[in-house]
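The values are calculated or read from the model by the stated rules, or taken from the named source; none is laboratory data. Quick caveat: nothing in here was measured; it's all calculated off a predicted structure. Virtual Cβ from ideal backbone geometry, glycine too; neighbours counted across all protein chains shown. Remember, those area values only see protein heavy atoms, side chains included, never the ligands or the DNA or RNA. Shrake-Rupley method; radii C 1.70, N 1.55, O 1.52, S 1.80 Å.
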Amino acid sequence: MKIIIINGPNLNLLGKREPEVYGNETFEAYFNQLQSKYPSIDLSFYQSNIEGELISKIQEVGFSYDGIILNAAAYTHTSIGIGDAVKAITTSTIEVHISNTFSRETFRHQSFISPNAKGVIIGFGLKSYELALQSFLLH
């Protein structure tokens, strides 16, 4: 099984950025734990702060991978292009968010990805990624 985690803007700052919201762990450290826990999965990750690069990566893997775990971060609420990219591909996508976006600012309650995603996991910290991964293993 081939799964990719795609992270959007500012997620490269996990471990440093707003630890009260996002925790103290870097994504790289967490990703290494996931790889160790699920050695039978070909698991990779990609991060960009640039909307077009995220769209290009979704298009690149969206017809050959078994799943995409997508945390588009702030682009979730603003990018029709990323939502359209998820709609255009055949690979199932799970939208994830580390924080509970519904307990934050009102503009974060809108997602252009959710209507095209297989599912949405919100508010379980970094564990949100593992829950998404497990959903691919179960279905």
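Descriptive notes on the structure:
- When the Gaussian network model of the chain links Cα atoms closer than 10 Å, the mean-square fluctuations of Ala74, Ala85, Ala29 top out at Ala29.
- Accessible area per residue in Å² at 1.4 Å probe, computed on region 1-138: 47
- Taking every Cα-Cα distance in region 80-139 and sorting them into 5 Å bins from zero, the calculated P(r) comes out as 4, 19, 25, 24, 19, 8, 1 percent.
- Carbon plus sulfur fraction of accessible area for the chain, probe 1.4 Å, in percent: 52
- Distance-filtered residues of region 30-68 - backbone nitrogen under 12 Å, label point 7 angstrom along Thr90 Cα→Cβ: 62-66
- Working from Cα pairs under 8 Å separated by at least six residues, relative contact order for region 1-107 is 35 percent.
- Only helices enter this figure: runs of n ≥ 4 DSSP H residues, each worth -39500 (n - 2.57), summed and divided by the residues of the chain, yield -9500 deg cm²/dmol at 222 nm to the nearest 500.
- When the Cα positions of Ile122, Ser79, Phe63 are compared along the charge dipole of region 38-135, Ile122 comes out farthest toward the positive end, with charges on each C-beta of Lys, Arg, Asp and Glu.
- Exposed-site-free run, longest, the chain (rule: chymotrypsin sites (Phe, Trp or Tyr not before Pro); DSSP loop; at most 16 other C-beta within 10 Å): 1-62
- Residue among Leu11, Leu34, Leu126 with the largest mean-square fluctuation in a Gaussian network model of the chain, springs linking Cα atoms under 10 Å: Leu34
- Radius 13 Å from Cβ of Lys127, net charge of other residues (Lys, Arg +1; Asp, Glu -1): -1
- [x] 13.9, 42; [y] 19.4, 66; [z] 13.7, 40, with the label sought being that of the calculated Rg and Dmax of the Cα atoms in Å: [z]
- Among the lysines of the chain, pairs at least eight places apart or on separate chains and with Cα atoms under 29 Å apart come to 17.
- Choice from Ile68, Ile98, Ile113 showing the highest fluctuation, given a GNM over the chain with Cα pairs closer than 10 Å: Ile98
- Neighbourhood net charge (12 Å Cβ-Cβ; Lys/Arg +1, Asp/Glu -1) for Phe31: -2
- Selection from Val96, Ile50, Leu13, by position along the positive dipole direction of the chain (Cβ): Val96
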